[in-house]
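Here's the structure, in structure tokens; my notes come after.
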Amino acid sequence: MRAAIPALLPSLLAMGFLSGAPSIALAQDIARGERLFNACLSCHDVGKDARNRIGPHLNSVFDRKAASVDGATYSKAMKRAGADGLRWTLDALNIYIENPKNLVSGTRMNYRGMDKKKDRSDLLAYLRQFSVNPANIPEASASLLQQDAPSLHEETYLDGDAEYGEYLSGECTSCHQSNGADKGIPSITGWSQPDFVIALRAYQKGHRPHPVMQMIAKRLSEEEIAALAAYYKDQN
Amino acid sequence: MILNRRRFLGTAAASAALLSSPVALGQTRPRVVIIGGGAGGATAARYIAKDSNGAIEVILIEPSRTYYTCFFSNLAIGGFQPMSKLAHSYGTLASEYGVTVVHDWASAVDRENKQVRLAGGDAISYDRLVLSPGIDFVKGAIEGWDVTAQNKMPHAYKAGTQTQLLKAQIEAMPEGGTFAMVAPPNPYRCPPGPYERVSMVAHVLKQRNPTAKILILDPKEKFSKQGLFMEGWENHYTGMVDWLTDEFTGGVQRVDPNTMEVVLEDETIKADVCNVIPAMQAGGIAQQAGLTNDEGWCPIVPATLQSRMDDNIHVLGDATQNGDMPKSGFSANSQAKAAAMAIRHALIGSRAFKPRFSNTCWSLISPDNGVKVGASYVATDDKIAKVDGFISQNNEDDALRKQTYEESLGWYAGMTTDMFG
């Protein structure tokens, strides 16, 4: 279902939310965002009387706690992220849409991601119209518009030193079981290298909320992250 | 990685072939003897055996055939875990990892001859010794209390029999009775432990005996996760818990296990259950071996956990004076991996990496209400030094607290698998 353009739009424009700073070449294009949303429509509804489909409806998604829509079906991983404190701020949505696995490795959202900054920016401009309380619409932060937000995907993870990774994994196995059990603490065995690297980088940068994982990830170098990924891909 | 039997035997056979070559003629595998099968010792045994693929002989000396973890024993008192869940055996370490498990007491370390003597009469020589003896109580720390009084006034600070006893006493308390805890001075095993225990006792009494009172007689001015515990007691056990420091009471002068009295400076408290947790020092074998300092703890080289008194001995866990890491099972497990790597490097030349340490302590305050505190550490020349840390916040929402508790259950499974295989 499409929504009528809400009355909010002029005030957003007046507040400068959608106009962008002069240095930013890319103005957000709501109409274009609406067209991009077609890719989401089979799973997500937005606008008047929006309902949950395969994924939750997206009304008032901005600043909503992850996995908090009544009646929607969420993965265990998304529920965990929500309880950890993941909120759909503009930054979080931007990073998530870029590749859902950036933020939630085990998400049900089967979408390979939206690479282009301009696409994400327009899509979010469109979605922002349906978060009616302006207090719930955070300022567009510098990280969204001035940089290609997640540098989580640089492919430096393919040649990790698995033996070093095995040593480093000693810090993981105090909590994450080496047999892959997934109760209370998620399993990290048998992940693909990109998923593993992306997850640790996201904790490192604070995109993912868990304080223990943020602390552990912060002191891992890129070499160490690659080593762990190389080791864990073969653990099953 | 679980070392499967075929791989283990395969490498053992390969090592045997190597040993029969002229170069190694007459040599045997280097031997590591480990005293104490807790979070430090069991982890060290498993990691040395696993990562050396049988090239190092590992002998673990631990008197108990069934080991009860201290961590989570408060949850047994609170009724959140059955005692049986705390029990672990050493069978997998023997069958899957080739560790020789000797159920005996190490009665002495002969450092000159690099031998451990056992109460049963045997002597076992070592190339490297790992000492992970945990804590013992300082004798005479609390006047009137010694181990013969531990049935009347349990410490329940070594899990198993004592845990079960204290739990039974709490459940049998008369209506409106008094539970008194004599809390320990710093440093001691499991900094949040006494206060998690109070939370668990309060939970039990709230259900069974809601007019009962809990008194904490504490020599410390502050304690671990204090804000979180106090908030929890206020919210969930309103009016049940009194925390009294020495400044207020003048300190515990003595206890009388026969009359169940705790004598303070100007007042005597009659308790129905009295949990005495005396001051602690490194486990007795470390004292005997001459590895302790004036304060009763074992100073160590941060990067390798080697004793400052003896390069051939590594000390782990609660017994160490290491700098910033707290005395916890998690810390001991973390230290064991650094020591295991240093030992493999020294004995068989395997790769050595920079050691890294971390710790997290979860505590349960009330049902589905878990909190945690933790930190990461590095080895400097002087000490194991804290680099970063976190703690749960006051007023967290219920879903997060529940998740934190569930996370602790997952951690317990992970930690015990990491120790025992």
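Laboratory data are not the source of any read-out in this text; all were calculated from the coordinates shown. Since this is a predicted model, take the numbers as computed values, not measurements. Counting neighbours? That spans all protein chains shown, and the Cβs are built from the backbone with ideal geometry, glycine included.
If packing is taken as the mean number of other Cβ atoms within 10 Å per residue, what is the order of B:387-397, B:151-161, B:189-199, highest first? Write down the numbers at each step before the final one.
Values: B:387-397: 14.2, B:151-161: 20.0, B:189-199: 25.5.
Listed from highest to lowest mean packing, they are B:189-199, B:151-161, B:387-397.
Under 5 Å between amide hydrogens, built in the peptide plane, is the criterion, and for A:GLY47 it picks out A:LEU58, A:ASN59 among residues at least 5 positions away or on other chains.
For A:LYS116, the lysines whose Cα falls under 18 Å of its own Cα, not counting residues fewer than eight places away in the same chain, are A:LYS101.
Three principal axis extents describe the C-alpha atoms of region A:171-215; from largest down they are 28, 22, 17 Å.
Rg and Dmax of region A:32-89, based on Cα coordinates, read 11.8, 34 Å. Dividing the Cα radius of gyration of chain B by its Kirkwood radius returns 1.00 for Rg/Rh. Calculated mean residue ellipticity, 222 nm, chain B: -9500 deg cm²/dmol, from DSSP H runs (n ≥ 4) at -39500 (n - 2.57) each, averaged per residue and rounded to 500.
In the frame of its principal axes, region B:40-130 has Cα extents of 48, 30, 17 Å, reported largest first.
When the alpha-carbon atoms of the protein assembly as shown are used, the pair Rg, Dmax equals 28.3, 90 angstrom. Ordered by the number of other Cβ atoms lying within 10 Å of each residue's own Cβ, fewest first, B:ILE135, B:ILE348, B:ILE216, B:ILE124 fall into the sequence B:ILE348, B:ILE124, B:ILE216, B:ILE135. At 10 °C and a viscosity of 1.306 mPa s, what translational diffusion coefficient does Stokes-Einstein give for region B:57-211, taking Rh as the Kirkwood radius over Cα pairs? Give it in µm²/s as a whole number. Here the translational diffusion coefficient equals 88 µm²/s.
DSSP finds beta bridges in the protein assembly as shown, and of those with both partners inside it, around 55 percent are antiparallel. All Cα-Cα distances of region B:308-388, cut into 5 Å bins from zero to the largest, leave 3, 14, 21, 23, 16, 10, 6, 3, 2, 1 percent in each bin in turn.
Helices that extend 18 Å or more along their long axis by alpha-carbon positions and average at least -1.0 on the Kyte-Doolittle scale are, among the DSSP H runs of chain B, B:5-19, B:39-52, B:193-208, B:329-348, B:398-420.
Within a straight-line Cα-Cα reach of under 18 Å, B:LYS167 can be paired with the following aspartates and glutamates, leaving aside sequence neighbours fewer than 8 residues apart in one chain: B:GLU175, B:GLU196, B:ASP272. Gyration tensor analysis over the Cα atoms of region B:156-229 returns equivalent ellipsoid semi-axes of 21, 15, 10 Å (largest first, whole Å).
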